[in-house]
1. With a cut-off of at most 13 other beta carbons within 10 Å, and DSSP calling the residue loop, which GluC sites (Glu not before Pro) in the stretch 235-308 qualify? Please list them.
2. Please list the radius of gyration and Dmax for the stretch 68-126, considering alpha-carbon atoms only, with Å as the unit.
3. Report which label in [x] 0.93; [y] 0.99; [z] 1.05 holds the value of Cα Rg over 2.2 N^0.38 Å derived from the coordinates of this structure.
4. Just the accessible area per residue of the chain, please: how many Å² with a 1.4 Å probe?
5. Students sometimes get this wrong: rank VAL190, VAL276 by accessible area, probe 1.4 Å, all chains present, largest first.
6. Would you compute, from DSSP H runs of 4+ residues alone, the mean residue ellipticity of the chain at 222 nm, taking -39500 (n - 2.57) per run and dividing by the full residue count, rounded to the nearest 500?
7. Quote the convex hull volume per residue of the stretch 1-46, based on C-alpha atoms, as a whole number of Å³.
8. Tell me, what % of the accessible area of the chain is carbon and sulfur with a 1.4 angstrom probe?
Amino acid sequence: MENFNLYAAASRILKDSVKLEAGESVCIVSDTNTAEIGEVFASCTAAMGAEPILLVITPRKTHGVEPPAVVAAAMKAADVILQPITYAITHTNATKEALQAGKRVLVMRGVTKELMLYGAVGADYKEIDRVSELVRKKMTNGGTVRIASPSGTDLRLSVEGRTGIMLTGLVKGPGTFAAMPDGEAAIAPVEGTAEGTLVIDHTMDGIGLLDAPIRMKVEQGRVTSIEGGKSADKLRKLVEESDEGARNIAEFAIGTNPNARLIGNMAEDKKAEGTVHIAIGDSHVIGGTVESSIHLDGLLLAPTVWIDDECVVDNGKLLIK
């Protein structure tokens with residue numbers, strides 16, 4: 001029964017999310033942790049009359065690390081790209097170049113059988129698309145953002161002149177991407193503008209569930225200190241072992257999926273309606289200018305968000321509907 005459900009879920013994703021057509025080539029990038037799910041997508045692709053190319057790589061060290069050159073080349077040669085993978089390769093030159101070449105991309109970072117079958121994946125994605133577009137427009141038309149949370153976040157940043165994006169589980173044509181599970185509107189802050197305190201209080205890419213909140217001081221758009229427990233130590237090490245761009249405040253995003261659960265996996269956690277996630281590292285794929293070998297999202301629970309003078313999220317409740 002589990003296998004049947006997995007095949008049904010994969011077939012639905014291929015039909016609804018990427019609108020797969022017979023005769024198309026599909027590059028499926030999986031790794032040694034997710035190869036079984038990659039194989040399910042390959043079987044469903046073939047059953048729909050398309051041509052699957054299944055690649056299995058070694059898991060990257062963390063999110064945002066470039067895949068091997070042969071994978072980058074295969075992605076550019078395909079019509080559709082599926083990424084059921086442990087660590088996201090969304091924020092990489094390989095994915096950016098594939099998008100620029102007109103490929104349709106579906107990101108499934110951190111995917112598990114459980115994520116394929118339950119929770120956020122079963123939401124009404126047409127409704128999520130509608131709400132996310134309202135949030136995206138508010139971001140795009142905004143100037144100054146302030147984010148506060150009960151855990152101590154008090155962060156200000158500018159989005160002036162930046163264009164928001166939305167990820168709603170629906171790939172909308174050549175050169176676009178979405179994720180599954182999905183549901184968020186996001187924007188790249190203007191470099192050098194973020195100031196204040198950022199406290200990640202639940203989950204962080206590259207770490208998972210936190211042993212204690214991670215407290216970061218942000219000055220001129222960059223993280224200048226990282227404090228907390230063992231989770232903070234691990235994040236500090238990831239940043240120190242990366243590059244100059246790793247400290248950049250790269251993304252501000254609001255979750256829009258009412259079905260998303262807080263399960264300790266950022267693939268679903270960050271989609272939860274009314275949450276906020278802030279990323280550090282690479283921003284060049286989503287409209288920023290900073291390139292880095294990492295892009296790590298951190299989740300804020302019960303945030304309050306103002307865009308200019310308007311409160312758009314109040315203590316974790318999304319007010320834009």
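The values are calculated or read from the model by the stated rules, or taken from the named source; none is laboratory data. Source: prediction; values computed, not measured. FYI the Cβ positions are ideal-geometry reconstructions off the backbone, even for glycines, and counts take in every protein chain you see. The accessibility values were calculated without ligands, DNA or RNA, using every heavy atom of the protein model including side chains. Shrake-Rupley method; radii C 1.70, N 1.55, O 1.52, S 1.80 Å.
1. The qualifying sites are GLU241.
2. When restricted to Cα atoms, the stretch 68-126 yields Rg and Dmax of 12.9, 37 Å.
3. Among [x] 0.93; [y] 0.99; [z] 1.05, the one derived from this structure is [x].
4. 38 Å²
5. Ranked from most to least accessible, the order is VAL190, VAL276.
6. -7000 deg cm²/dmol
7. Taking the convex hull of the Cα positions in the stretch 1-46, it is 69 Å³ per residue.
8. Reported share for carbon and sulfur atoms: 50 percent.
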